[in-house]
Amino acid sequence: METHKLEIILHSAKDLHVDKHLGTMDPYANVWFSGGGMTSAVRKTTVAKNANSCPVWEFPMEFNVVFPIKDDYILFCEIQHERKLLDRKIGEVQVSFKDLLAGDASRKNVSYPVKIQSGEVKGFIVLSHKFAEPIGKVTSPLQTKKKESETSGDLKSGKKNDAVKKEKKEREGKSGGKTFSDLKSGKKKEREEKSGGKTSGDIKSGKKNGDGKKKMTGKKNGEMIKRIAKSMGKKVATEAIMLAAV
């Protein structure tokens with residue numbers, strides 16, 4: 001699909017319906033097109049003051065139209081009489097785009113009938129138009145939706161990565177920029193400094209050796225006391241025998 005520029009010049013209108021109750025009319029026109037499930041923006045001409053039934057506008061306007069053109073594309077031109085309180089509709093023109101394409105030449109002026117509310121033809125407008133060269137490709141709704149979905153996925157992924165980075169940065173800030181391994185190593189070093197450079201295994205081994213030495217020393221002292229007591233017992237017994245002999 002491609003977008004083409006539709007250039008229109010609304011030149012004038014002739015023999016428009018005149019309502020005697022309105023007095024001298026100040027006509028202007030609203031122009032737009034509709035079709036393919038869309039409606040364009042409305043272009044408003046200047047007001048032809050006191051022009052009555054034969055206003056002249058010479059008003060250029062442009063519309064972007066998507067090709068290929070749908071069968072229901074229609075150009076609307078609604079002619080209004082400007083009033084202080086509420087504007088009054090004079091008549092309306094409807095032109096199918098098929099007719100526009102059929103008459104597309106070197107900007108030749110073409111007349112189209114104006115219908116009033118009753119459906120009766122009263123007057124006509126004169127306009128010229130031209131479809132310019134393509135101004136760009138149009139992305140289909142499915143492609144647009146897919147692109148939006150991919151963009152949304154990228155944004156979600158980016159937000160997730162940002163959240164992970166933020167959490168990591170906060171952890172590093174609390175730990176002074178140190179990693180978990182650094183903190184673990186620091187705690188181990190601190191324990192070694194408190195124990196005089198000895199590890200937990202060294203402390204346990206030293207404690208076990210100390211207990212063993214205490215047990216051996218106690219055993220030796222007990223045996224020595226027994227020997228002394230035995231020796232003293234023999235000496236006492238000898239002295240008793242000698243006294244008895246005397």
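A few notes on this one:
- Strands (runs of 3 or more DSSP E) enclosed by the range 15-114 - at least 3 residues per element that are of a type outside the set (Lys, Arg) and in contact with a Lys or Arg (Cβ under 7 Å, 6 or more places away or on another chain): 27-35, 56-67, 74-81
- Residue match in the range 49-60 (condition: crowded, with 19+ Cβ neighbours inside 10 Å, closer than 13 Å to Val114 by Cβ and more than 46 Å from the chain's Cα centre (by Cα)): yes
- No other residue among Lys20, Lys89 is without any contact (Cβ under 8 Å) to a residue 12 or more places away in the chain and under 17 Å from Gln117 (Cα atoms) apart from Lys20.
- Number of the condition not met by Thr45 [criteria: (1) farther than 23 Å from Glu133 by Cβ; (2) among the polar types (S, T, N, Q); (3) more than 46 Å from the chain's Cα centre (by Cα)]: (3)
- Residues that are surrounded by 13 or more Cβ atoms within 10 Å (Cβ to Cβ) and among the polar types (S, T, N, Q) do occur in the range 7-23.
Let's see how each residue does on (1) surrounded by 13 or more Cβ atoms within 10 Å (Cβ to Cβ); (2) under 22 Å from Val47 (Cβ atoms); (3) not charged (D, E, K, R):
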| position | (1), (2), (3) |
| --- | --- |
| Phe76 | yes, yes, yes |
| Ile79 | yes, yes, yes |
| Glu82 | yes, yes, no |
| Asp87 | yes, yes, no |
| Ile90 | yes, yes, yes |
| Gln94 | yes, no, yes |
| Phe97 | yes, no, yes |
| Leu100 | yes, no, yes |
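Values quoted throughout were computed directly from the atomic coordinates according to the rules given, and no laboratory measurement underlies them. Everything numeric here is computed off the predicted structure, so don't read it as measured data. When we count neighbours, we look across all protein chains shown, and the Cβ atoms used for this are built from the backbone with ideal geometry, even at glycine.
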